[in-house]
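Written below as structure tokens is the structure these notes are about.
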Amino acid sequence: MPALINVAGNLVLGAAAVLAVRRSPALRQHPVSWSLLVLLAFEAVVVTPVTTYLFRFYPQWSMLYWFDPQLFPDLQSWFGLLSLAAVLLNGLAAVCGYFIARYGVKIGRLWPMELPIAVGVAAVVAVAVKWG
């Protein structure tokens, strides 16, 4: 999937991981709990291979056709670094969504739990309107 949608999806995934286990005492007591480890394992086992595959074999589609290959013929040599950047952004988005939603669970407020989901959905809608 395109990189922006992938990052938005990982932001929502991080928040959803917290909302799924919001009643767990481990979530409130320790910043690194089993739910964060499951999220990171999912990122490593599923998201990273999918992202690198799409960037390697469908690079223009993954970047929403921002770069014309005829204008930037040397872009092929940067796909490895762009793929690494996408993987790191996906992991960072998932962890940010997790910790923002976890903060909402800890303080008992709803808006921090919903914020990553709202931002992720808004990003997907913006991509669909602009490039869809």
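Working carefully through the options 95, 129, find the one that is among the aliphatic types (A, V, I, L, M), more than 13 Å from residue 6 (Cα to Cα) and modelled with pLDDT under 95.
Answer to the selection: 129.
Within the group 124, 105, which residue is in contact with a Gly (Cβ under 9 Å, 6 or more places away or on another chain) and assigned to a helix (DSSP H, G or I)?
124
Select from the stretch 108-121 the residues that are part of a helix (DSSP H, G or I), under 13 Å from residue 18 (Cα atoms) and aliphatic (A, V, I, L, M) and list them in ascending order.
Taking the stretch 108-121 as the starting set, the residues that turn out to be part of a helix (DSSP H, G or I) are 111-121.
Applying the additional criterion that residues be under 13 Å from residue 18 (Cα atoms) yields 112-117.
Selection gives 113, 115, 117.
Within the group 128, 85, which residue is among the aliphatic types (A, V, I, L, M), surrounded by 12 or more Cβ atoms within 10 Å (Cβ to Cβ) and under 26 Å from residue 49 (Cα atoms)?
Step by step, each of 128, 85 is checked, and only 85 is among the aliphatic types (A, V, I, L, M), surrounded by 12 or more Cβ atoms within 10 Å (Cβ to Cβ) and under 26 Å from residue 49 (Cα atoms).
So the check is Cβ under 8 Å with 6+ separation or different chains; which pairs have a first residue in the stretch 2-29 that's in contact (Cβ under 8 Å) with a residue 12 or more places away in the chain and a second one that's of a type in the set (Lys, Arg) and crowded, with 21+ Cβ neighbours inside 10 Å?
Close Cβ pairs (under 8 Å, with a partner that is of a type in the set (Lys, Arg) and crowded, with 21+ Cβ neighbours inside 10 Å) amount to 18/102; 27/102.
When you check residue 107 against the structure, is it out of contact with any Cys (no Cβ under 9 Å at 6 or more places or on another chain) and surrounded by fewer than 17 Cβ atoms within 10 Å (Cβ to Cβ), yes or no?
Criteria met by residue 107.
Of everything in the stretch 32-76, what is in a loop (DSSP other than H, G, I, E, B), under 20 Å from the mean Cα position of the chain (by Cα) and more than 22 Å from residue 7 (Cα to Cα)? Give them in sequence order.
33
Just to be sure I understand the filter: pairs with C-beta atoms under 6 Å, separated by 6 or more residues or on different chains, first member in the stretch 63-90 and closer than 18 Å to residue 8 by Cα and of a type in the set (Ser, Thr, Tyr), second member at pLDDT below 85 and surrounded by 15 or more Cβ atoms within 10 Å (Cβ to Cβ). Which pairs pass?
Going by the 6 Å Cβ cut-off, the qualifying pairs are 83/55.
The values are calculated or read from the model by the stated rules, or taken from the named source; none is laboratory data. The structure displayed is predicted, hence computed values, not measured ones. Note: ideal-geometry Cβ built from the backbone for every residue, glycine included; neighbour counts use all protein chains shown.
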